[in-house]
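Colleague: Please see the structure below; I have some questions.
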Amino acid sequence: MRYRLTFLAGLALGYVLGTKAGRERYEQLMKSARRVAQNPAVRNTAESAAQQGRQFAGKAYHVVSEKVGDRMPDSVAGRVRSLRDRAGHNGGGEDDWGTSNT
């Protein structure tokens, strides 16, 4: 009950503060957020982080596949094979996880 009251108090406080700030402050915050998101340094950093994440995910996939190997139930192994086959027929635009390599 205490947590519920704390949540409701926080919700009410956020509403009151948000309405006092008004639409102008919201627009100002959105403009700042867009400016940061369009910054070339931020975009390059985000892209390199995404690329590294895809590389690590690919490595993890292969390590787990090798370790699990034959111990995986047939139903799961069949599902993984079907997903891998489907990903292989997409023209190379996606990796083993179904994410884009661009």
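Colleague: So for R4, R86, fewest C-beta neighbours within 10 Å to most, what's the order?
Modeller: By the 10 Å Cβ count, ascending: R4, R86.
Colleague: So for the pair S48, M1, with labels modelled 7 Å out along Cα→Cβ, what separation do we get in nm?
Modeller: For S48 paired with M1, the spin-label model returns 5.5 nm.
Colleague: On to the next question. Which of S82, A9, V42 sits farthest toward the positive end of the charge dipole of the stretch 2-87, with +1 on the Cβ of Lys and Arg and -1 on the Cβ of Asp and Glu?
Modeller: Comparing the listed Cα positions along the dipole, A9 ranks first.
Colleague: A further question on this structure: Please give every one of the lysines within straight-line cross-link reach of K59, meaning a C-alpha to C-alpha distance under 16 Å, and leave out same-chain neighbours fewer than 8 residues apart.
Modeller: Within reach: K67.
Colleague: How would you rank Y3, Y26, going from fewest to most other Cβ atoms within 10 Å of each one's own Cβ?
Modeller: The most exposed by this proxy come first: Y3, Y26.
FYI, it's all coordinate maths here, none of it is from the lab. Keep in mind the model is a prediction, meaning the values are calculated, not measured. Cβ coordinates were reconstructed from backbone atoms using ideal geometry, including for glycine residues, and neighbour counts include every protein chain displayed.
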